[in-house]
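Here the structure is laid out as structure tokens; the discussion comes afterwards.
Bear in mind that the values in this text are calculations on the coordinates, not laboratory data. What you see is a predicted model, and the numbers here were worked out from it, not measured in a lab. Here the Cβ positions follow ideal geometry from the backbone for every residue, glycine too, while neighbour counts run over all protein chains shown.
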Amino acid sequence: MTSDSKGTYPDGISDRHVQPIGGWLRHASPVGLLVFGAVVVLAFSGLLGHERTWSATGPGASLDVHAPEIIRNGEFFEMRVRIAAHETIGQLVIGVDEDLWEDITVNTMIPAATEESSENGEVRFTFAELPAGTTFLFKIDLQVNPDIVLGNQGAVTLYDGSDELATTDLTITVLP
């Protein structure tokens, strides 16, 4: 231990280590603020991610799918499928192309389907009857796996049982 007029310091620490720094070095570098500002500008410009709603209308119902159009690897995101029934749908079924969710992890689905199946290259989620004049919201929380390059394409289809009512094609671009 060394000793000086201000106190005792551990080995390797001297009085010059505890003196206030003067001049330019006493201020934080403006580079950090500039980098942070650039990230904020990029975020507001939509270059780091962009959401979109794809829509389709069929006999007796309309289908809206809201999801990111551009997203980054590893990000969590939400896909919302909204069904507006103009006529009663006896057995609401939502089909998602397997290619759309390839290398994407599904974390949560609200509400839970009464039945889940895989048929004709689609993952299908079956729900109860949807009366005319009502709206149904199916919320899915997902995460992009790191091995996706460029993105995925596929369709979301609305069925009444096995009868197709509406379908919309989606493209999700994945940035590194």
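I'd like to know which of His66, Tyr9, Gly37 lies farthest towards the positive end of the charge dipole of the chain, counting +1 on Cβ of Lys and Arg and -1 on Cβ of Asp and Glu.
Result: Tyr9.
Using the Cα centre as the reference, give the magnitude of the dipole from point charges on the C-beta atoms of the chain (Lys, Arg: +1; Asp, Glu: -1; all else neutral), rounded to the nearest 20 debye. Provide the component values of the computation, followed by the final result.
On the way: 9 positive and 25 negative charges, 276 e Å.
With only Lys, Arg, Asp and Glu charged at Cβ, the dipole is about 1320 debye.
I'd like to know which of Trp54, Pro176, Ile89 lies farthest towards the positive end of the charge dipole of the chain, counting +1 on Cβ of Lys and Arg and -1 on Cβ of Asp and Glu.
About the Cα centre, the residue reaching furthest to the positive side is Pro176.
Per DSSP H run of at least 4 residues, take -39500 (n - 2.57); add these up for the chain, divide by its residues and hand me the 222 nm value, nearest 500 deg cm²/dmol.
Values: 1 runs with 16 residues, N = 176.
Calculated at 222 nm, the ellipticity per residue is -3000 deg cm²/dmol.
Quote the relative contact order of the chain in percent (integer), defining contacts as alpha-carbon pairs under 8 Å separated by 6+ residues. Working shown, then result.
Working: 364 pairs, mean separation 41.8, N = 176.
Result for the chain is 24 percent.
Tell me the angle of helix 30-45 to the major Cα principal axis of the chain, expressed in degrees between 0 and 90 and rounded to the nearest ten.
Computed tilt is about 10 degrees.
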